[in-house]
Amino acid sequence: MREITALELAALVNELRQKLPGLYVDKFYEIDENIFRLRLSKRGLQEDLIIDLTKTMNLTQYVEKGDNPSNFSIAVRKQITGFSIEALEQQGIDRVVTIRMRKGDSTVNLIIEMFGKGNLVVSDGSMKILLAYKVHDFKDRKIRPGEQYINPKGTAMAVHAQGFDKKAVSEQLEAAVAAKQNIYQALSRALGIGTIYVAEVLDSLGVDRQTPVSEITKEELSRILDRVEKVTGYITEHEPVLYRDLEGKAADYSLYDMDKSHPGLVAERHRDIQEVLDILSHEEMSRVAKNVKSAKEEEIESSIAKQESILSEMDSQIAANKTAGEAIFRNMGMVNKLIEYARATRKPTKEELKKMFPGLVIDDVDLKEKTITIELQ
């Protein structure tokens with residue numbers, strides 16, 4: 001499952017704003033690395049919010065029962081359990097979402113960073129960091145307990161859920177001329193909505209992605225900006241599509257039908273982006289679960305293999321002992337006579353014993369150790 005784009009995250013936050021406020025946090029779970037679940041409830045209503053860093057943050061109907069109670073998850077539970085969700089905020093078009101919570105006079109923030117390798121941060125009401133899933137020291141900010149949380153600096157602020165600033169985009173494109181960027185590079189940087197949507201905008205208008213910004217005419221630029229405005233409108237009026245391959249496996253998704261960008265895939269329409277992400281993430285996790293054994297399963301299988309190896313060796317030893325025992329029993333009379341003769345003679349030689357007992361194969365006679373080695377057939 002690919003990373004979520006800023007445009008898709010904006011649409012997701014728009015949906016969650018209508019569902020999460022008023023819900024109380026019952027429990028916080030760490031399902032796996034980078035994957036968390038919030039159990040939420042209100043007056044008989046129960047919801048589960050899955051957070052898969054960099055990929056999705058959606059209400060789910062597929063409850064993962066696993067839990068990895070790390071020190072971090074236990075600490076988060078203590079900080080947010082019993083708090084009610086007040087609001088959700090997205091930092092401009094950046095992939096950072098803040099869930100503000102309140103309990104009496106206390107306020108905490110659950111900050112979800114969906115970019116890079118992802119992160120989950122808990123801060124107090126003044127944005128002082130209380131907990132951090134991953135501790136980092138960046139050039140312009142520090143993510144660690146005790147530090148003030150600072151939003152990452154972004155250059156793409158022209159698109160957000162409240163509208164599209166054509167003038168701001170035009171100004172950034174003018175600056176891209178001096179940098180000798182092509183239209184695809186320049187738009188991606190100026191908009192920050194996700195390269196798949198920038199590509200679709202240009203492809204739908206028949207504009208070559210490699211065209212230098214300096215060669216884009218005013219008419220082309222006007223058509224491009226109009227198309228971008230329409231695309232950003234899907235933040236609030238989206239028509240989400242789940243794409244499946246010919247075997248029926250969920251392969252990708254988008255806020256609207258982009259069939260030309262997904263050749264060979266079948267489009268499946270859904271009512272909201274959360275439903276699409278829920279299906280996609282659940283199917284992916286199910287496939288991973290089938291193909292990847294847990295550490296406990298591997299430990300059990302390793303133990304079984306060792307036990308089977310020991311049993312196999314024991315069976316071989318038993319078979320060898322049985323064969324030896326049968327040989328001794330068949331030659332018992334001759335062996336007893338050999339022992340009696342050796343005791344009576346005291347210092348028999350190998351040649352002497354061979355002559356006296358031609359029916360036995362004498363391998364060695366060690367007078368010092370008082371042993372006679374024979375080979376029984």
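The values are calculated or read from the model by the stated rules, or taken from the named source; none is laboratory data. All values reported here derive from a predicted model rather than from experimental measurement. Don't worry about glycine lacking a Cβ; one is built from the backbone with ideal geometry, like all the others, and counts go over all protein chains shown.
One table, with the values for the structure above:
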| read-out | value |
| --- | --- |
| Candidate set from segment 330-377 (those that are basic (Lys, Arg) and not in a loop (DSSP other than H, G, I, E, B)); member that is farthest from the chain's Cα centre (by Cα) | LYS355 |
| In segment 140-154, the residues that are hydrophobic (A, V, I, L, M, F, W, C) and under 26 Å from the mean Cα position of the chain (by Cα) | ILE143 |
| Search result, residues across segment 162-219 that are in contact with a strand residue (DSSP E or B) (Cβ under 9 Å, 6 or more places away or on another chain) and at positive phi | LYS180, GLY192 |
| Answer residue from segment 264-276, given it is in contact with a helix residue (DSSP H, G or I) (Cβ under 7 Å, 6 or more places away or on another chain) and either part of a helix (DSSP H, G or I) or among the hydrophobic types (A, V, I, L, M, F, W, C) (or both) and is surrounded by the fewest Cβ atoms within 10 Å (Cβ to Cβ) among those | ALA267 |
| Residue in segment 51-74 that is more than 30 Å from VAL228 (Cα to Cα), surrounded by fewer than 22 Cβ atoms within 10 Å (Cβ to Cβ) and of a type in the set (Asp, Glu) present | yes |
| Of the criteria (1) more than 28 Å from PHE164 (Cα to Cα); (2) surrounded by 21 or more Cβ atoms within 10 Å (Cβ to Cβ), which one VAL96 fails | (1) |
| Segment 329-356, residues that are loosely packed, with under 12 Cβ neighbours inside 10 Å and either among the aliphatic types (A, V, I, L, M) or closer than 11 Å to LEU376 by Cα (or both) | PHE329, MET332, ILE339, ALA344 |
| Test: residue in segment 102-110 that is within 24 Å of the chain's Cα centre (by Cα), of a type outside the set (A, V, I, L, M, F, W, C) and buried (at least 17 other Cβ atoms within 10 Å of the Cβ) | no |
| Strands (runs of 3 or more DSSP E) lying entirely in segment 1-109 (those with 3 or more residues that are touching a Phe, Trp or Tyr at 6+ places or on another chain (Cβ under 9 Å) and at pLDDT 95 or above) | 24-32, 35-42, 45-52, 96-103 |
| Pair list, Cβ under 6 Å, 6 or more apart: segment 146-166 residue farther than 17 Å from ARG95 by Cα, other residue at pLDDT below 80 | ASP165/ALA158 |
| Which numbered condition LEU130 misses (of (1) surrounded by 14 or more Cβ atoms within 10 Å (Cβ to Cβ); (2) farther than 27 Å from GLU8 by Cα; (3) modelled with pLDDT under 95) | (3) |
| Considering residues of segment 148-206 that are at pLDDT below 90 and among the acidic types (Asp, Glu) only, the residue nearest to ASN119 (Cα to Cα) | ASP165 |
